[in-house]
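What follows is calculated from the coordinates using simple rules that are stated; it is not laboratory data. Everything numeric in this text was worked out from a predicted model, so none of it was measured. For neighbour counting, all protein chains shown are included, and Cβ atoms are generated from backbone atoms with ideal geometry for every residue, glycine included.
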Amino acid sequence: MMAEGTHGGFTPIKVKFETVNSVRSVHTIFCKVHVIRQEHSKVPNHRTLFTLGWPAYCDSDCIKNLFSRAGEVEFVQLQNKVGFDEDAEVPATGFKVAYVVFDSTESASEALQLGGRKKSVLCKVGHTGLAKWCSNYAENRKAVKLIESTAADFMADYDTRKLEDEQMKKELQEPDDDGWITVTKKNPKLATQGKRYRQKRKKKELLNFYQFQLRETKRQQIAELRRKFEEDKQKVAEMKSKRKFKPY
């Protein structure tokens, strides 16, 4: 059942907004029961009010407190345009659209009756105008103690990293097993690269040493085979000279 004075399916509700700094203003909010063909799970038909005309300084808590007089409000979605969008961001300026979801259809119908009263409905909000911007500025600025703590943590981390770099440079100045010292620039990254190059060079030299041993071993094996071959040739020649060798 709709309240008296319904216009185009919308029920007007006169709301008197009062801020914490005693600033008052009156706005007319237009409401109707939300019913569409493709129902969304978060804004069910008949339990949701589709409302228009909320001022910029009005938030979801303000709307929830206002309609809680009619019943329990489960969910309030503020948007800057018509059409429910669960990922929409709350607009900072301009008039807003709000979807108000109640726990029952009776509560949604009862909320429309708020517009049938002669007197306006009181709704308390936070700061507005210059006071609002000053409050937001103060909230967004970190406290001096927090800034000092952050700076102290940063400097402690810097001192630790600097100490590690100096220790790395000191280790690079120490000669290796062969007496070599890696000379690098002051950049710690270059120092690390120099240390890795030195380790890679030692590994390569060790690998080449093993390859040299393999080559020498193969040469010795070939020389031994040739020596045995010459000895076998001499034995065959002696057996032929004595005519004791008959291969056929």
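Available extension along the chain between Ala237 and Glu148 is 21.9 nm, counting 0.36 nm per residue and deducting the alpha carbon span. Computed packing ranks the peptides 57-70, 35-48 as 57-70, 35-48, most packed first, by mean other Cβ atoms within 10 Å. For Asn80, nonlocal amide neighbours, meaning residues 5 or more places apart or on other chains whose placed amide H falls under 5 Å from its own, are Val97.
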